[in-house]
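Nothing in this text is a laboratory measurement; each read-out follows from the coordinates by a stated rule. Since this is a predicted model, take the numbers as computed values, not measurements. Methodologically, a virtual Cβ is constructed for each residue, glycine included, from the backbone with ideal geometry; neighbour enumeration extends over all protein chains shown.
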Protein chains: 2
Amino acid sequence: MPDTTAAIVVIGNEILTGKSQDQNASFLIAELYELGVKLERIVVIPDDREEISRTVRDCAARFSVVFTSGGIGPTHDDVTIEGVAGAFGRRVVRHPDLENMLRSHFGDGIDEVRLRMADVPEGSVLIHPAESRWPILAVENTYILPGVPELFRSKFAAMRERFRVKPFHTRAVYTLQDEFDIAEDLNRLAADHQTVIIGSYPNFTRSDYRVKVTLESKEPEATERALSALLAILEPGSLVRTE
Amino acid sequence: MPDTTAAIVVIGNEILTGKSQDQNASFLIAELYELGVKLERIVVIPDDREEISRTVRDCAARFSVVFTSGGIGPTHDDVTIEGVAGAFGRRVVRHPDLENMLRSHFGDGIDEVRLRMADVPEGSVLIHPAESRWPILAVENTYILPGVPELFRSKFAAMRERFRVKPFHTRAVYTLQDEFDIAEDLNRLAADHQTVIIGSYPNFTRSDYRVKVTLESKEPEATERALSALLAILEPGSLVRTE
C-alpha cells in the first residue's frame, strides 16, 4: 500500500507580511508525523482566488490529502471557498444543511452576510465529528480548515484519527565526527538502506556533538538494521548518544 | 515599476517531519517586509532533486527573486545544487574560484568530499559581500542559502540592502464591532481603495477587540485615505485603537 501523503496550504497575506506568525502548519507537522502521514509540501500563499485554485489543484492531484488553513469568513479577503471550488472546477452553492444551522444559530436577524457562511464548493462533504459543533468541509481529498489557531486545532483534533496509518520508526545518532569525514560512509549507508530515509544535520553552535544523523522508515527492523550499520561505521569514541 | 516579488523555498525533510522547526522563512518574512519586497509564496519541500527543480523553476519564472534555504553540504541528502541546476536546465560544474578557496582553507589534506563544496550550477554568479567570508551563490534570480540558521542569517544580512525597494506603509485599526456587521462596509472599502490591501482578522480569544483591520500600500497617502474612510465607517464608540 502506498504511503498516505499530505500537503498543507496556508492562505493569508498576514503570514507573508509577518503580521501574524503561522501556528497551524507547525501544529499540523507534529500531528501528521504522529499519525504516520508523510507530509510532502507546505505552501503559504496570499488571499488570492486564482492562486488558491492553482495551488490546491496541484497539491490535490499529487498527494493523498490536502489541508487548507485560513481565508474562511465574510469579508472580501476570505476567498478560500471560491479558490477551492475553482481548483476542482466546481461552482459555489449554498448548502441547505449549513443554511439551516446558521438560521437556527442567528435567528430571524440573519442577513445575507451571515448566510454566506453556508456557501460551499458544489458537492462538498460535511464531516460532523461528535466533538465539533460546526461541521468540517471536505471537497474530494481537500479539507478546508479555519485560520484561527484555536478553531484549526479543535477541528483537526476532532477528525485526526481518520488519518492514522502505520507509524514512523525513527532513530537518531549524535557524533563528534566531522560531517565531511562521514559523508562517503553515509552516502553508502543511504544506498544500502533505500527504504530508510537518512538525514545528516551538522551543528555549528553546540559543542556536545558535530553531526546528528536521523534514520526513519515505517519498518522498525529496517530502521534498526540501518542504525546497526551506522554505529559500525562511526569511529570508536565519537558516538555521543543514540535516541 | 512593478513590485519586487519574492518566494522562499525551504528544502528539508527535517522541517516536514518536525525534527527541526523552520527559522529561516520566519526570519526572511520580516526582512523582506522591512525591505519593501512583496513575499508571494513560501514552499517547504523534501530533499528531493526533482521536487527542488520543479519548485524553483516555477517560482523563478513567476517572482522577481527566489531564496532557497537548506540542502547544501557533502551528504547524499544535500541535493539543492543539483536541484537548482535542473530548474534552469544547467549542468553542475566545479567553480575554479571556489575550488581555490577550498584548497587554501583545507590545505593539502583536501579530498573529493570537501572539493564537492565547489560544485555549482553552470553559470552561477558568486556574490562576495564584504562581511561574508564565503561567497553567496546566485543562479539567475535565485539565491542559494544554507539551512543552518546562523549562516542563513549572516549571509542574507550581508546582501540584504541590494533588495531594498519602496517601503510598505501600513496601518491597523482595532474595533469592538462584529466582523459580520462590518463585512459589507469592508467589501466596499476594498473596492473603493484598490491599491490598498485590506485585511480583516477576527479575534475570538482576547476581550479587548473583536476585529483588527489592516491597510497596506506603498503610497502613504493611499493608506491614509483608506484609513480615514474606514474610521468614518466604524460605529462611534467601537474604535479601540489605531496603529
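Quick look at the values:
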| quantity | calculated |
| --- | --- |
| Tail weight of P(r) past 32 Å, computed on alpha-carbon pairs of the protein assembly as shown, percent | 47 percent |
| Amide H partners (placed H, <5 Å) of B:Ile72, local residues excluded | B:Gly147 |
| Antiparallel DSSP beta bridges within the protein assembly as shown, as percent of all bridges there, nearest 5 | 60 percent |
| Nitroxide proxy distance, nm - points 7 Å out along Cα→Cβ at B:Ser154 and A:Arg164 | 4.6 nm |
| Relative contact order (percent, whole number), segment A:47-120, Cα cutoff 8 Å, 6+ residue spacing | 32 percent |
| Copies compared at A:Gln21 - label distances in nm, ascending, label defined 7 Å from Cα in the Cβ direction | 0.6 |
| Percent RCO, i.e. relative contact order, over chain B, from Cα pairs under 8 Å lying at least 6 residues apart | 17 percent |
| Chain B: most fluctuating residue of B:Leu176, B:Leu39, B:Leu145 per GNM, C-alpha cutoff 10 Å | B:Leu176 |
| Sites matching GluC sites (Glu not before Pro) across segment A:69-158 that sit in DSSP coil, with at most 13 neighbouring C-beta atoms within 10 Å | A:Glu122, A:Glu131 |
| Cβ neighbours within 10 Å from other chains - mean over A:178-190 | 4 |
| Cβ neighbours within 10 Å from other chains - mean over B:106-115 | 2 |
| Estimated FRET transfer efficiency when R0 is 51 angstrom, pair A:Glu99-B:Ser104 (beta carbons, to 0.05) | 0.10 |
| Ascending list, in nanometres, of distances separating the A:Asp108 label from those of the other copies (7 Å, Cα toward Cβ) | 9.7 |
| Degrees separating the helix A:220-233 axis from the principal Cα axis of chain A, which is the longest one | 40 degrees |
| Distance between modelled label sites at A:Ser207 and B:Ala61, nm, 7 Å Cα→Cβ extension | 5.1 nm |
| Inter-centroid distance (Cα atoms) of segment A:119-174 relative to segment A:1-74, Å | 12 Å |
| Cβ nearest the rotation axis (B onto A), residue from chain B and distance to the nearest whole Å | B:Val43, 3 |
| C-alpha long axis of helix B:179-192 to longest principal axis of chain B, angle in ° | 70 degrees |
| Base-10 log of normalised Debye intensity for segment A:1-92 (one unit scatterer per alpha-carbon) at q = 0.14, 0.17, 0.21, 0.26 Å⁻¹ | -0.50, -0.71, -1.02, -1.31 |
| Exposure proxy ranking, count of Cβ atoms within 10 Å, fewest first, for B:Lys38, A:Lys166 | A:Lys166, B:Lys38 |
| Relative contact order (percent, whole number), segment A:169-242, Cα cutoff 8 Å, 6+ residue spacing | 47 percent |
| Helical mean residue ellipticity (222 nm; -39500 (n - 2.57) per DSSP H run of 4+; nearest 500) of chain A | -11000 deg cm²/dmol |
| Rounded to 5, percent antiparallel among DSSP beta bridges of chain A | 60 percent |
| Shielding by partners, peptide B:12-23 (average Cβ within 10 angstrom, other chains) | 6 |
| Alpha-carbon radius of gyration plus Dmax, which is the widest Cα pair, for segment B:1-42 in Å | 12.2, 42 |
| Sparsely packed chymotrypsin sites (Phe, Trp or Tyr not before Pro) within segment A:1-83, loop by DSSP, other Cβ within 10 Å at most 10 | none |
| Calculated FRET efficiency for the pair A:Glu50/B:Ser228, C-beta based, R₀ 30 Å, to 0.05 | 0.45 |
| Paired Rg and Dmax values of chain A, which use every Cα atom, in angstrom | 22.5, 77 |
| Full-stretch length increase - B:Leu239, B:Trp134 - with 0.36 nm per residue and alpha-carbon distance subtracted | 32.6 nm |
| Using distinct alpha-carbon pairs, which all enter the 1/r mean, Kirkwood radius of segment B:116-243 in Å | 18.1 Å |
| Estimated dipole of the protein assembly as shown in Debye, rounded to 20 [Cβ of Lys and Arg +1, of Asp and Glu -1, Cα centre] | 60 debye |
| Using alpha carbons only: equivalent-ellipsoid semi-axes of segment B:169-242, gyration tensor based, whole Å | 20, 12, 11 |
